[in-house]
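J.: One structure, pasted below without further comment.
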Amino acid sequence: MPYFLDGNNLIGRARGTGRPSEEDRKAFLAEIADRLRATKARAIVFFDGAGERTSSLGSLSIRESGSEPADDVIVREIARFRHPREVIVVTADRELARRARDAGASVIGPDDFWSRFGRKPGGKRAEETAKVDVEEWLRYFGDEKNRQS
């Protein structure tokens, strides 16, 4: 079940900028590839512009749409699938979501996508944010009144 990611839509939301830099794009792609590495999920990120290139970072493929809008490329790729309902398009763009559903794909929003892979964009996993202050624990349990008999 592949995920088709609306790259321009997601990167702006994930990186908190309307004009992401090349550095933002690299960090965004590295983060998604890292998240996918721990799963069997596959994803293709579609970006507007540049050349018609495809590259890969493990189970993440990156496609640039060339002179076509990336939304058109996404819809065309859905149509190429034998079972389009197996494709999950990730976007917050209402028009692309409508077109993807009309083509037979499922659609989820960015927050849904991030939660499926364990953390918010640019954030940390829940287990990383819940670090324990060992010194505080030692002080607490070292105090006789905090021990059970």
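Computed from the coordinates by the stated procedures, all read-outs in this text should not be read as laboratory data. Predicted, not measured: the structure shown is a model, and the values here were computed from it. In this analysis, Cβ positions are derived from the backbone assuming ideal geometry, glycine residues included, and neighbour counts consider all displayed protein chains.
J.: Taking the simple approach of a point 7 Å from Cα along Cα-to-Cβ for both Thr39 and Asp24, what is their distance in nm?
T.: Reported label-point gap for Thr39 and Asp24 is 2.4 nm.
J.: If you don't mind, another one. Just want the ordering: Ile32, Ile78, Ile108, from fewest to most Cβ atoms lying within 10 Å of their own Cβ.
T.: Fewest to most other Cβ atoms nearby, the residues stand as Ile108, Ile78, Ile32.
J.: Please identify every one of the GluC sites (Glu not before Pro) in segment 1-107 that sits in a loop by DSSP and has no more than 14 other beta carbons within 10 Å of its own beta carbon.
T.: Filter output for segment 1-107: Glu52.
J.: Let a ≥ b ≥ c be the square roots of the eigenvalues of the Cα gyration tensor of segment 2-124; is it rounded (a/c under 1.5), or, if not, prolate (a/b larger than b/c) or oblate?
T.: It comes out rounded by the Cα gyration axes.
J.: Could you work out the relative contact order of segment 2-124, using alpha carbon pairs under 8 angstrom and six or more residues apart, expressed as a whole percent?
T.: RCO, segment 2-124: 26 percent.
J.: Then there's this: Label Glu144 and Asp111 with points 7 Å out from Cα along Cα→Cβ: what is the distance between them in nm?
T.: About 5.2 nm separates the two model spin labels.
J.: If amide H atoms are built 1.01 Å from N in the plane of the peptide, which residues on other chains or at least 5 residues away come under 5 Å of the amide H of Leu57?
T.: Ile62
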